Amino acid sequence: MFQWLNTDDKEREKLANMIDKIIRQFPYVNGGLFKNTEAHKTPIIDENVRDHLLNAWNLVVKGSKEKEKFTWDEISPTNFGCIFESTVAKDVRDSGGMHYTTPTNIHRVIDPLFLDELRSELDGLLQLPAKTQKERDTQYGMLETFRKKLASLRFFDPACGSGNFLTEVYKSLHELELKAIVQELGLNYYTRTDTTDPCMVHINQFFGIEIDHFAASVARASMWIAECQMLQETEKVLHWDLKPLPLEKNDNILCDDALLTDWSNLVKRRATSPTYIISNPPFQGYSKMTKAQKASLNRAMPSKISNKKVWRNQGKMDFVCAWYAKAAEYMSEKKNVKCALVSTNSITQGEQVALLWKPLIQHYKFHISFAWKTFRWNNEADNMAHVHCVIIGFGKQKKGEKCHIYQENVPKTEVDNINGYLMGAEDFFIESRTEPLGKVTPMVYGNKPVEGGNLIMNAEEYKALISEEPWANRYVRALMGAREFLHNEERYCLWFTEEPSANDLEKMPLVKKRIMATEKFRENSKKAATVELADESYRFMEVRQPNQKYILVPRHSSENRKYIPMGFVDPAIICSDANHIIPSPSLWLFGILQSRIHMSWVKYVCGRLESRFRYSANIVYNNFPWKELDEEQKTAIEKTATEILEARKVDGSSLASQYDLLKGRLSKAHKENDKVVARAYDIDLSMSDEEIAIELMRRSVKLAKSKEKKKKRKKLVVKKIDKKPEEIHVMGDLHFAENEVEQNTDE
């Protein structure tokens, strides 16, 4: 049967006598749908399976308890993505970063990229006057030009999965063209006796690459289904008898690794043909990528391009960044190409903003034309993905072109520029720094255990240990991670400031057992640095415990709180690496950290874990534009900071509970603190959080540039002094322009 469906009419004449007459009645399908079928085993379909497929009554209509018969001719090709996802094991989906796209989310990509503009153009043509023959001729000519324009467009999905994007775009274009044809029919430019398909839009305008063989096959089938359904729509509207077979050849879906493929070899286009790259590439964080994915990313993001340094720190970039880099390289060599990708929101947060967007904007000269801010991803498949996404459209900017920002339940915003943080502002790049932009105490990680759970105990384990070995109590300390700090929970750890003596360990066999287990755990590690510290298994892997009162900052905290709860902790309490440490008892520093000013900065600069805040030293703390305060300003902030701490004590419940609700005295204390810090920073609290963050970014970038210039000057002065120390006398600061330095290097 399948071989016969793949045999054209010319060949059929030779084989007719050899084929069963029941099979001979089936038409030539072509298109490659049944190509190479002799290499595959046909599944056994008995009468029950056949009846289930053709006459399924076991499907329940949503919102109803009644079962309804399933009709195959109404199936949407975009549902194939959900069907396909349901057939793939969850661990395989997760490792590949597979997430399939609903029509709603597809339109969030394609509508602002090109479809809204095409709809608007057609609406304008349909409203043209058509009373006289000349007006009708004019309108017809413009409609034909519009249809040819639709047929000239190219659409490419380099991570096409089961083809949802391509089928939805095809259907959308066909609907536009059909409207144009209906208008032409009303102008009497067609006769109802025509039997050929009048549509110019065809599936050969659509291209895709998919690494999974089965998904690529589903994508090809989805395109054919869409083509047949669109032909049926045309028949209904025009009342013509159109033949769906033979199928159009469909070899534009390539099964390959898109990051290792030359896209130009697949996407056939004329130099002037507009091309749109649309995709939902795999969602995979940099820490969870497979070796193959890392290799593909590094190939797509080489450090140097044409001897220019472009990409750096690729090991800190999520997998989706490789698609941006690959698209940028493809687009840089061609005109009339635009791109819009669905991505995890991590590429608009934290360190990745500078790593990804600085090369795209400065090297490739692209700009963001539209963006959907963070929204929760949903699809119709079982075990649907719960991730937080953004949609970003980018390309070369046209003179005077406006940009648009979209957000759920918020009207569209028109701005002059969208930066990598998806703000309507100039381009900022907050890059990783190893020291603060100001005279504040540096922030460090908490103590990192790496002990396999052997040096750490919960409350029950601690009590059991001490009841057996009371001597061990002198070596046990309270351990505070983010959870213990926020929820008043108990945890303990073994803590030795130096290697315990053999006599001590003889008194504590249970402690000795834990230390030996830690040694074995580290010896079995794949990391050389961990193995190296196996012989120091009595202590944490990394020790940074301060000897004075310190400010504890949880690394992760709920995005639903107005402030990240921070606090002062006694040095006797060991701080884990779930927190950051500022070894300083400074109240004014604490007051700034607990202000709305600082939180506005955090919201737009920090990284995220899902949607939770991920506070970091190198991006958030070190880049904050710390201001040199006078004593009066410090005293004022210390007063409001003290009131925050007192209000917490009065409440007495966990910090998580207090800050989830934030009411009463504590809320009032924070509001007073906000006012004092805002005055010190000369910022108006009537501004939105985003406006405050933009102002702080401007200051941060300015401070960073100033600090960089001072470093260069310092290096230059040291170099000169090394050459002629006896001839140089420095009084006060040296100030000179860079061009003067270059011209007078001997002075």
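Which condition number in (1) at pLDDT 95 or above; (2) within 20 Å of A322 (Cα to Cα) is the one that K396 fails?
Tallying (1) at pLDDT 95 or above; (2) within 20 Å of A322 (Cα to Cα), K396 fails exactly one: (1).
Any idea which residue in region 528-583 is farthest from R648 (Cα to Cα), counting only those that are out of contact with any Leu (no Cβ under 7 Å at 6 or more places or on another chain) and of a type in the set (G, A, S)?
My answer is A528.
Name the residues in region 668-684 that are surrounded by 14 or more Cβ atoms within 10 Å (Cβ to Cβ) and either in contact with a strand residue (DSSP E or B) (Cβ under 9 Å, 6 or more places away or on another chain) or not basic (K, R) (or both), would you?
Within region 668-684, A669, H670, E672, N673, D674, V676, V677, A678, A680, Y681, I683 qualify.
Would you be able to say whether some residue in region 625-635 is free of Cβ contacts under 8 Å to residues at least 12 places away in the same chain and not in a helix (DSSP H, G or I)?
Yes, the conditions are met somewhere in region 625-635.
Name the helices (runs of 4 or more DSSP H) wholly inside region 254-373 in which the number of residues that are among the acidic types (D, E) and surrounded by fewer than 18 Cβ atoms within 10 Å (Cβ to Cβ) is 1 or more.
Working: elements: 263-266, 291-300, 320-332, 352-358.
Once the helices (runs of 4 or more DSSP H) in region 254-373 are filtered for at least 1 residues that are among the acidic types (D, E) and surrounded by fewer than 18 Cβ atoms within 10 Å (Cβ to Cβ), what remains is 320-332.
Within the bounds of region 554-569, is there any residue that is touching a residue at least 40 places away in the same chain (Cβ under 8 Å), farther than 20 Å from K603 by Cα and out of contact with any Asp or Glu (no Cβ under 9 Å at 6 or more places or on another chain)?
Applying the first criterion (touching a residue at least 40 places away in the same chain (Cβ under 8 Å)) to region 554-569 yields 554-565, 567-569.
Narrowing further to those that are farther than 20 Å from K603 by Cα: 568-569.
Then drop every residue that is not out of contact with any Asp or Glu (no Cβ under 9 Å at 6 or more places or on another chain), which leaves 568-569.
Yes - at least one qualifying residue is present in region 554-569.
Residues to consider are K720, K702, K639; find the one that is in a helix (DSSP H, G or I) and at pLDDT below 90. Working first, answer last.
Values: K702 fails: at pLDDT below 90; K639 fails: at pLDDT below 90.
Residue meeting the stated conditions: K720.
Restricting to helices (runs of 4 or more DSSP H) lying wholly in region 413-531: which have 2 or more residues that are farther than 27 Å from Y550 by Cα and in contact with a Gly (Cβ under 9 Å, 6 or more places away or on another chain)? Steps first, answer last, please.
Working: elements: 459-468, 482-487, 502-507, 509-523.
It comes to 509-523.
For region 525-557, which positions are closer than 16 Å to G481 by Cβ and charged (D, E, K, R)? Can you show your working first?
Let us first name the residues in region 525-557 that are closer than 16 Å to G481 by Cβ, namely 540-545, 550-557.
Matches in region 525-557: E542, R544, R555.
Filter region 467-485 down to the residues that are under 47 Å from the mean Cα position of the chain (by Cα) and of a type in the set (K, R) and list them by number.
Within region 467-485, R477, R483 meet the criteria.
Name the residue, out of A472, A478, A482, that is closer than 30 Å to W357 by Cβ, surrounded by 13 or more Cβ atoms within 10 Å (Cβ to Cβ) and either touching a strand residue (DSSP E or B) at 6+ places or on another chain (Cβ under 9 Å) or at pLDDT 95 or above (or both). If you could, list the steps in order and put the result at the bottom.
On the way: A472 fails: closer than 30 Å to W357 by Cβ; A478 fails: closer than 30 Å to W357 by Cβ.
Being closer than 30 Å to W357 by Cβ, surrounded by 13 or more Cβ atoms within 10 Å (Cβ to Cβ) and either touching a strand residue (DSSP E or B) at 6+ places or on another chain (Cβ under 9 Å) or at pLDDT 95 or above (or both) holds for just one of A472, A478, A482, which is A482.
Just name the residue that is nearest to E408 (Cα to Cα) out of those in region 91-104 that are open to solvent by 40 Å² or more (accessible area, probe 1.4 Å) and modelled with pLDDT under 80. Before the answer, list the steps.
Just the residues of region 91-104 that are open to solvent by 40 Å² or more (accessible area, probe 1.4 Å), to begin with: 91-92, 94-95, 103-104.
Retained after the next criterion (residues that are modelled with pLDDT under 80): 91-92, 94-95.
Details: D91: 30, V92: 31, D94: 26, S95: 29 Å.
So, considering only residues that are open to solvent by 40 Å² or more (accessible area, probe 1.4 Å) and modelled with pLDDT under 80, the one nearest to E408 (Cα to Cα) is D94.
Quick check on this structure: which one of S172, S222 is closer than 25 Å to L260 by Cβ, out of contact with any strand residue (DSSP E or B) (no Cβ under 8 Å at 6 or more places or on another chain) and in contact (Cβ under 8 Å) with a residue 60 or more places away in the chain?
Values: S172 fails: closer than 25 Å to L260 by Cβ.
Unique residue meeting the criteria: S222.
Quick one: in region 565-610, of everything that is open to solvent by 30 Å² or more (accessible area, probe 1.4 Å) and in a helix (DSSP H, G or I), which residue is nearest to H670 (Cα to Cα)?
The first filter runs over region 565-610 and keeps only residues open to solvent by 30 Å² or more (accessible area, probe 1.4 Å), leaving 568, 570-573, 577-578, 583, 585, 587-588, 596, 603-604, 608-610.
In the following step, the residues that additionally are in a helix (DSSP H, G or I) were identified as 587-588, 596, 603-604.
Details: L587: 14, W588: 13, R596: 8, K603: 17, Y604: 20 Å.
Of everything passing the filter in region 565-610, R596 is nearest to H670 (Cα to Cα).
Does at least one position in region 549-561 carry a residue that is open to solvent by 40 Å² or more (accessible area, probe 1.4 Å), assigned to a loop (DSSP other than H, G, I, E, B), modelled with pLDDT under 95 and under 20 Å from E628 (Cα atoms)?
No, because not a single residue in region 549-561 is open to solvent by 40 Å² or more (accessible area, probe 1.4 Å), assigned to a loop (DSSP other than H, G, I, E, B), modelled with pLDDT under 95 and under 20 Å from E628 (Cα atoms).
Yes or no, residue by residue, for (1) exposed (fewer than 15 other Cβ atoms within 10 Å of the Cβ); (2) within 24 Å of H556 (Cα to Cα); (3) over 36 Å from the mean Cα position of the chain (by Cα):
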| position | (1), (2), (3) |
| --- | --- |
| I637 | no, no, yes |
| E643 | no, no, yes |
| D651 | no, yes, yes |
| L655 | no, yes, no |
| L666 | no, yes, no |
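Show the residue pairs that are 6+ apart or on different chains and have beta-carbon atoms under 8 Å apart, the first residue being within region 580-600 and more than 22 Å from R544 (Cβ to Cβ), the second being among the polar types (S, T, N, Q) and open to solvent by less than 10 Å² (accessible area, probe 1.4 Å).
Listed by first residue and then by second, the contacts come to G591/N673; Q594/N673; S595/N673.
The values are calculated or read from the model by the stated rules, or taken from the named source; none is laboratory data. Here the structure is a predicted model, which means the values were calculated and not measured. Here Cβ is always computed from backbone atoms with ideal geometry, including for glycine, and neighbour counts include all displayed protein chains. Just the protein is used for accessible areas: all its heavy atoms, side chains included, with ligands, DNA and RNA removed. Shrake-Rupley method; radii C 1.70, N 1.55, O 1.52, S 1.80 Å.
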